[in-house]
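Report on one structure; see the data block that follows.
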Amino acid sequence: MKATNKKHLLPILGAILLAVSPHLFRLPSWIVIWCLAFWAYVLAASKNNWYRPGRTILVILTIGGFIGGLATYGFKFNLDTGVGLLAVMLGLKPFEMKTHRDRMITLCLVYFLVITNLLYSNNLVMSLFMFASVLLATAVLIRINHPRGSFAANLRLSGVIMVQALPMMIVLFFLFPRIQGTLFGMSNQSIARTGINDRLSPGSISQLVLSGEIAFRAEFKNSIPGPDRLYWRGIVFQHFDGKTWSRGQTRPVRQAPLSAGSTVGYTITLEPQGEKWLFALDMPITSPPMARMQNDRTLMAYHKLKARIRYDAVSQTTYNTGDFKPEERKALILPVQGNPKSTALARSWADTFDNPAKIVNKALEFFSQNDFVYSLNPPGLKEDAIDDFLFKTRKGYCEHYASAFAFLMRKAKIPARIVGGYLGGELNPYGNYLIVRQSDAHAWVEVWLPARGWVRIDPTSAVAPERVEQGFEAALPPEELEGFLLLKHFGPLQSHLKKIIFRWDAANNYWNQWVLGYSYWRQRELLAKVGINIGSWKGPFKWILLALGLISFIVFMISMRLFKTPVANTDDAQRFYVKFCAKLTRVGLTRKPGQGPVDFAKTAGDLRRDLKVNIHKITDLYVLLRYARGGDENTLKKFKERVKEFDPKPIAET
Amino acid sequence: MDVKFQNMVEQIGKVILGKREQIKLALTCLFAGGHLLIEDLPGIGKTTLAKVLSRCLGLNFRRIQCTSDMLPGDILGVSVFERKTSSFVFHPGPVFTQILLADEINRATPKTQSALLEAMEERQVTVEGKTRPLDKPFFIIATQNPMEQFGTFSLPESQLDRFLMRINLGYPNRSAEQKLLKQGEVKSTLFSTEPCLTPGEVLLIQKQIAKVHTSDALLEYVQDLLDFTRNAPHFSAGLSPRAGLAFLRAAKSHAFLQGRDHVLPEDLQKVMFWVVGHRLRSHDDRAELSRDRLENLLMEVPIP
């Protein structure tokens, strides 16, 4: 193995390892072992001159690894498969690294790998990590091309290059066309799908409590409304089949503004949940550009949200939705069969009271006065789930209460529907915005009352009023929280930890807001301010993108051709030629500074006929390297050897 | 190419005796696409060299004998009113050819000399507001008597700069002159010279010469040479970028005619005096520098 390869192996492996490290946690374990084992072997083999697999074995390994990778992913082609196969091939790549060209290709692959990380995550940590990874890869690139100085100096130069690239980065950041939706329509398997589902059944919300993931962040233009008004509306469940609530049909409408109440404006940064609904405070009165308001006053995006988005919204926290619309009659429909006890109870209320408001109060009283328990781990419910819950188990989370309450209301001929969303949120003092987590997921009920329209009723608050005021931690019995890693377990460290968590979240929020939040819509807005309308450009834009792609492809092909015949370093040739001339000076043949190599060879060769052949051979090689095209590394090697061997002896005095 | 080139040198050498170096230089200049200025005393063989060159390259040849009463129209052509068609018809002058021999160019007035400027640089002429392209290839071979002669107008520097090379012939040596005297008049040998190339081949060679490789190290040497003429105290003014380009072009042509596809420092040195000599003046008396002095000066520039 060549010494240069040995020298460069470790830095290149280091760059690969750093670039691939985030993937290591996602990859199947055999691929991780595959990669690490091969790399370790290559490294050890270069040190101890062990056996290196030949072409045949490499081909077998490549094909085997390829099929193995495909099999692991069930022969489905998606993002994970692609990255997995890339890792498999990367494990073998160092075996092929023999020439400078191989090393360059491997490094290009490292840059590619760094980018693939973005397909999974584009948060602040990942971006910082990518900077570090590119810094290392560039330093290695410098190293293998100019193997001089310390590695620290290479790193410094790499840093300088990256800093020099910053202005370009900023320009591209602002001007490079953003696309709507995901790249190539690729679906990403790994983006978290926790979030509120389009079906509501016992357990569908309480399972979210286990997740500390952030659902969205909300910044208010003015003051933040009180906790009893922080109901984040997401989805309305209209249809009930006896066990599960589902969304039912909605249609987009232009909703008239609501009467009564002042407005509150805010901006939401929504994490991707893979669903279409956006969240807004009860009741939203505007819809952001990427969504339309539905007739149940929810905001529905045009596409499933696979990337973080940011939107402005305006809501009214006190409102009156006005008259009952005929299409809202489905808020009364229930299955005919089942739950006889609950049906009887609701009928009895309907017979006793003539005012729907009174029925609502009666029902809430029913929840608060019978010993219902707010719990994450309710016992399973049998065939007549509502009966079972209301009269037997009496233990449940918000979805149980909302479901039972809506059922009772509908049986009592009061239009009722369940709203799914989030309740409350945690204020981050460093940035003054609310963090709403998946654990804040909540379900509540809306009933339609004459003259007041749709009114929000939260049956959970009748059972556990603390849920509304202080969040789920306060509402749940302490023994149910034992499995959770909560801040209060940290004792005296608690306040410091909380500060750090808040500061980190604020940093992430700024990142989301200023970097990731610069979406197609933002860019459109910004460019519109300087008089460029992207919307009307769409056609030309596609062509520009296509042309850019084509140009970069051509440039790539040309540069690949350049790599093919590595041009020898002419400075090296010059250095050895000076050595050669110095050797001739020792025997009295001095080259004048302005004398060309061929002329000198002729003069010197004529003077020392015994050296003539050697001098001409060396000069020919030198001329080939320094003045002709096509001097490659082999010629340089030969030239260096010849110069080293050249040892003229002075003519003995006669 | 070098075999064909040797053959051509042989052919021409039969007519111009004992001047092989000058013949090679003249061919180098023409293949580089440059114009040639031949300077020497009368009767040395300037005109004969020009004629035999054009015959050998197989190109159309026209000749103008410059005199002090010559007008630009005599070279470029004029429009003449024709009665039959009642319109002006352009009658092209001798410049519409492939090789133009401007004999004793320094006898023409500056006005007439400058009429050639456009033709030399742009390879087109503008007569009466209309621009007409010239044939391809197009060379001007000019001859001149040294300035000391009576009744001449020395060429302006701007026009000198447009000649890629200036060569002088000098008296023949003893053996060559003996042969010449025995041989007598050369007219017959001149007309028996066969064309060695076609115009198409000349163009092709020019294209190949343009592709001759110049390495970075060599370009650095060219720049060092140019810088030297600009900064050294020996010269009144340094070489222009055009001169630099001409220098490189001549060196490429020289390398190609030696059968190489890359330029060596030696190529530059071989053509150096002939390309640079008429473009540089001494700082002290604004006179031209002798070949030895100039070459010694430029040999001080180390090859990088």
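The values are calculated or read from the model by the stated rules, or taken from the named source; none is laboratory data. Please read all numbers here as calculations on a predicted model, not as lab measurements. Note that we place each Cβ from the backbone using ideal geometry, even for glycine, and neighbour counts take in every protein chain shown. Just the protein is used for accessible areas: all its heavy atoms, side chains included, with ligands, DNA and RNA removed. Shrake-Rupley method; radii C 1.70, N 1.55, O 1.52, S 1.80 Å.
The table below gives the values:
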item: Residue in segment B:19-29 that is at pLDDT 85 or above, among the polar types (S, T, N, Q) and touching a Leu at 6+ places or on another chain (Cβ under 9 Å) present; result: yes
item: Members of segment A:608-654 found to be assigned to a helix (DSSP H, G or I) and open to solvent by 80 Å² or more (accessible area, probe 1.4 Å), listed by number; result: A:Arg609, A:Asp610, A:Val613, A:Lys617, A:Asp620, A:Glu633, A:Asn634, A:Lys637, A:Lys638, A:Glu641, A:Lys644, A:Glu645
item: Failed condition for A:Lys98, given (1) open to solvent by 50 Å² or more (accessible area, probe 1.4 Å); (2) over 23 Å from A:Leu141 (Cα atoms); (3) more than 22 Å from the chain's Cα centre (by Cα); result: (2)
item: Qualifying positions in segment A:110-130 - open to solvent by less than 60 Å² (accessible area, probe 1.4 Å) and without any contact (Cβ under 8 Å) to a residue 24 or more places away in the chain; result: A:Met130
item: A:Gly539 assigned to a helix (DSSP H, G or I), open to solvent by less than 70 Å² (accessible area, probe 1.4 Å), modelled with pLDDT under 75 and more than 12 Å from chain B (Cβ to nearest Cβ); result: yes
item: Residues (part of a loop (DSSP other than H, G, I, E, B) and either surrounded by 14 or more Cβ atoms within 10 Å (Cβ to Cβ) or assigned by TED's automatic domain parsing to the domain that holds B:Asp135 (or both)) located in segment B:196-206; result: B:Cys196, B:Leu197
item: Positions within segment A:278-294 being open to solvent by 10 Å² or more (accessible area, probe 1.4 Å) and either closer than 26 Å to A:Gly226 by Cα or at pLDDT 85 or above (or both), in sequence order; result: A:Ile285, A:Thr286, A:Ser287, A:Arg292, A:Met293, A:Gln294
item: Residue, nearest to the other protein chains (Cβ to nearest Cβ), within segment B:259-287, restricted to residues that are outside any helix (DSSP H, G or I) and open to solvent by 70 Å² or more (accessible area, probe 1.4 Å); result: B:Asp261
item: From the options B:Asn231, B:Asn296, residue that is closer than 20 Å to A:Pro593 by Cα, within 14 Å of chain A (Cβ to nearest Cβ), surrounded by fewer than 21 Cβ atoms within 10 Å (Cβ to Cβ) and modelled with pLDDT under 85; result: B:Asn296
item: Of all residues in segment B:242-258 being open to solvent by 60 Å² or more (accessible area, probe 1.4 Å) and not in a loop (DSSP other than H, G, I, E, B), the one that is farthest from the other protein chains (Cβ to nearest Cβ); result: B:Arg242
item: Tally of residues being open to solvent by 70 Å² or more (accessible area, probe 1.4 Å) and either more than 10 Å from chain A (Cβ to nearest Cβ) or modelled with pLDDT of 90 or more (or both) across segment B:207-219; result: 3
item: Residue within segment A:178-189 that is modelled with pLDDT of 75 or more and either touching a strand residue (DSSP E or B) at 6+ places or on another chain (Cβ under 8 Å) or not assigned by TED's automatic domain parsing to the domain that holds A:Thr244 (or both) present; result: no
item: Answer from A:Leu85, A:Leu61, A:Leu70 - the residue that is part of a helix (DSSP H, G or I) and either among the small types (Gly, Ala, Ser) or within 26 Å of A:Met130 (Cα to Cα) (or both); result: A:Leu85
